[in-house]
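Before I ask anything, let me first share the structure, which is written out below as structure tokens.
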Amino acid sequence: MQTGQMGTIRRMRRGLRAATLGAAMAVIAPVASAETLADALVNAYNHSGLLQQNRALLRAADEDVAVAGTALEPVLRWTASAQQQFGRARGSTLAGVQDTDSLTLSGSLIGELLLYDFGATALRVEAAKETVLATRETLLGIEQQVLLRAVQAYMGVIEANEFVALRQNNLRVLTQELRAARNRFEVGEVTRTDVALAEAQLAQARSGLATAEGNRQIAIEEYRNIVGRMPGALRPPPRLPTIASDVDAAKGLAVRRHPDLRAVQHQVSAAELLIRQAEAAKKPTVSLQGTLSLSENLDSSNFSSGGSIGLNAGGTIYQGGARSSAVRRAIAQRDAQRGNLHVVRHNIQQNVGNAYASLRSARASLEASDRQIRAARVAFRGVREEATLGARTTLDVLDAEQSLLDAEASRISAQAQLYNAAYAVLASTGQLTARDLRLPVQLYDPAEYYNLVKDSPTKQSKQGAQLDRVLKRLQRD
């Protein structure tokens with residue numbers, strides 16, 4: 001073997017080791033100020049406009065309870081009027097024609113209280129409460145979606161960074177191999193075809209690097225959208241969360257506690273109550289009414305006052321079948337919610353099974369990738385050594401290196417898929433919430449606003465003033 005060729009091979013080896021070490025250090029070297037996965041989850045929880053939107057929808061549902069409850073409270077109304085009368089009247093012969101113009105002012109104060117309506121209003125209130133509980137569970141489901149997407153965005157950036165580092169390392173190695181191929185061509189060791197193969201492989205590497213950099217930018221934009229800021233240096237993800245191995249037990253857990261299923265259960269309960277409410281609305285109502293009236297004629301200075309109090313009872317005898325139709329409509333909506341419950345239950349069980357299958361697949365893929373990398377690295381070294389002895393061509397070396405590159409890329413993807421699948425399992429069983437993950441955040445209390453508005457406080461009351469403070473705080477947040 002010629003001395004020049006041996007020197008070229010040694011330089012390639014040193015360059016390959018240096019490039020590989022540099023790429024690895026750039027990816028995994030710990031940085032003191034690096035952001036962790038927990039940091040990303042906290043920022044996503046605090047930044048999410050989707051969570052803010054659904055919290056506002058929950059507060060609107062809380063107000064529905066207050067509005068429904070006001071039907072059981074006294075109602076106080078007032079009316080006022082001013083009437084100008086004009087005309088002329090013929091009286092006795094002495095009186096002649098007289099004007100009858102007069103201005104009368106009157107006002108009334110009316111109080112009403114519903115005494116009995118066969119429980120229709122109370123049932124409407126209970127249905128509104130069940131809707132509130134369903135909306136709370138929907139908010140938890142949205143929270144799981146936000147946190148899972150944050151995990152995927154975090155792993156997406158790490159995966160993209162590692163792909164870029166891998167492609168950069170590959171580009172450096174192929175640049176050195178092209179330089180070595182040209183040197184060997186000049187001394188007559190290889191043909192022009194070998195140089196062209198190295199040039200083609202280098203061009204492909206540049207294309208792969210451009211694609212990897214584009215994918216990294218896409219991952220960065222996804223991260224910024226979900227987490228609320230551009231990613232800095234990201235730490236490698238922590239160890240995988242503890243996940244039970246029993247899929248059937250996980251499905252049972254999901255059926256008991258997944259927020260999507262619990263939301264539909266409350267919707268079914270609300271629909272049942274609305275059926276009873278529609279049936280009660282067909283019956284008569286009893287109410288108490290009191291009236292206080294004042295009237296004054298400004299022309300004659302006549303003043304009068306009076307009042308009344310009494311019980312009123314009434315109901316609708318015939319309305320074209322509208323009330324019966326309302327009952328049937330409520331029954332149909334209840335049946336629809338029951339059907340939705342069946343669908344959601346089976347979808348949740350399927351999602352658990354899918355998540356566990358993805359987790360097993362990612363683990364097996366990661367283990368296979370490790371073995372593939374070890375074998376591909378041995379094969380690459382062997383082919384490269386054989387090429388120095390003339391037993392292998394440049395194409396063989398490039399193919400072996402491409403196999404090693406593919407194996408390393410497969411491992412990067414498998415590791416990201418493993419973490420995504422693990423957190424998807426938590427989401428499928430209803431355990432991917434800020435409370436379950438013990439994130440250091442100020443948890444949103446869904447009962448705080450409800451407790452303030454459920455009794456319909458007036459603005460002048462102490463509870464109303466406290467409600468104003470809560471609203472101002474929510475607007476600042």
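Pairs of alpha-carbon atoms within less than 8 angstrom and 6+ residues apart define the contacts here; what relative contact order does region 234-352 have, in percent? All intermediate terms of the calculation are to be shown ahead of the outcome.
Details: 100 pairs, mean separation 43.7, N = 119.
Relative contact order here is 37 percent.
Over the chain, what percent of the accessible surface lies on carbon and sulfur atoms, probe 1.4 Å? The partial results should precede the final answer.
Working: 14120 of 26900 Å².
Percent of accessible area from carbon and sulfur atoms in the chain: 52.
With just the Cα atoms defining each centre, how far is region 140-219 from region 275-306? Give it in Å.
Computed from Cα coordinates, the inter-centre distance equals 82 Å.
How much FRET efficiency would the formula 1/(1 + (r/R0)^6) give for Leu443 and Thr175, where r is the Cβ-Cβ distance and R0 is 51 Å, rounded to 0.05?
FRET efficiency, Leu443 to Thr175: 0.45.
Counting each DSSP H run of 4 or more residues in the chain as -39500 (n - 2.57), what helix-only mean residue ellipticity at 222 nm follows after dividing by all residues, to the nearest 500 deg cm²/dmol?
Value at 222 nm, helices only, nearest 500: -24000 deg cm²/dmol.
Using R₀ = 45 Å, calculate the FRET efficiency as 1/(1 + (r/R₀)^6) where r is the Cβ-Cβ separation of Asn46 and Ser325; round to 0.05.
With a Förster radius of 45 Å, E is 0.40.
Once you place label points 7 Å from the Cα toward the Cβ at Gln83 and Ala375, how far apart are they in nm?
According to this spin-label approximation, the distance is 10.2 nm.
For region 332-440, what Kirkwood radius comes out of the mean inverse Cα-Cα distance, in Å? Intermediate values should be presented prior to the final figure.
Working: mean 1/r = 0.0574 Å⁻¹.
Roughly 17.4 Å, rounded to one decimal.
Tell me the label-point distance for the pair Ser207, Ser308, using the 7 Å Cα-to-Cβ offset, in nm and rounded to one decimal.
Distance between the two pseudo-spin positions: 9.2 nm.
Also, quick follow-up: Over region 127-282, what per residue volume does the convex hull of the Cα atoms give, in whole Å³?
It is 204 Å³ per residue.
Is any residue of region 312-353 close enough, with backbone N under 18 Å, to a label point placed 7 angstrom from the Cα of Glu112 along the Cα-Cβ axis, and if so, which?
Those under the cut-off are 312-317.
Only helices at least 30 Å long along their own axis, judged from Cα atoms, and with Kyte-Doolittle mean hydropathy of -0.5 or greater: name those in the chain from DSSP H.
Passing helices, by number: 3-28, 49-69, 120-186, 192-227, 259-280, 394-428.
Ser301 to Asn451: extension gain in nm, 0.36 nm per residue of separation minus the Cα-Cα distance?
Gain in length upon complete extension: 48.8 nm.
Along each principal axis of its Cα atoms, how long is region 339-391 end to end? Whole angstroms, biggest number first, please.
Extents along the principal axes: 73, 14, 7 Å.
At a temperature of 20 °C and a viscosity of 1.002 mPa s, determine how fast region 208-337 diffuses translationally according to Stokes-Einstein, using the Kirkwood radius over alpha-carbon pairs as Rh; express D in µm²/s, rounded to the nearest whole number.
91
Once all Cα-Cα distances of the chain are split into 10 Å bins that start at 0, what whole-number percent is in each one?
4, 13, 16, 15, 13, 10, 9, 7, 5, 4, 3, 2, 1, 0, 0, 0
For the modelled label position 7 Å from the Cα of Ile317 along Cα-to-Cβ, which residues of region 275-301 have backbone nitrogen atoms closer than 16 Å?
The answer is 283-285.
Using the scaling law 2.2 N^0.38 Å as the reference, what is the normalised Cα Rg of region 88-219?
Rounded to two decimals, the normalised Rg is 3.16.
For region 328-410, build the charge dipole from Cβ charges (+1 Lys, Arg; -1 Asp, Glu) around the Cα centre, then report which of His346, Gln402, Ala330 sits farthest towards its positive end.
Towards the positive end, the residue furthest out is Ala330.
Further, regarding this structure: Find the accessible area per residue for the chain; the probe is 1.4 Å, ligands and nucleic acids are left out, and the unit is Å². Let's see the in-between values first.
Details: 26900 Å² over 477 residues.
Ligands and nucleic acids excluded, the figure is 56 Å² per residue.
While we're looking at this one, here's another question. Average the reciprocal distances over every distinct pair of alpha-carbons in region 286-358, invert the result, and give the Kirkwood radius in Å. Please report the intermediate quantities before stating the final value.
On the way: mean 1/r = 0.0525 Å⁻¹.
Roughly 19.1 Å, rounded to one decimal.
Counting alpha carbon pairs within less than 8 Å and at least 6 residues apart, what relative contact order, in whole percent, applies to the chain?
In percent, rounded to a whole number, it is 24.
Can you give the relative contact order of region 113-223 as a percent, counting alpha carbon pairs under 8 Å and 6+ residues apart?
Answer for region 113-223 is 35 percent.
The values are calculated or read from the model by the stated rules, or taken from the named source; none is laboratory data. Fair warning: this is a prediction, and the values are worked out from it, not measured in the lab. Note that we place each Cβ from the backbone using ideal geometry, even for glycine, and neighbour counts take in every protein chain shown. Accessible surface is based on the protein model in full, side chains and every heavy atom, while ligands, DNA and RNA are left aside. Shrake-Rupley method; radii C 1.70, N 1.55, O 1.52, S 1.80 Å.
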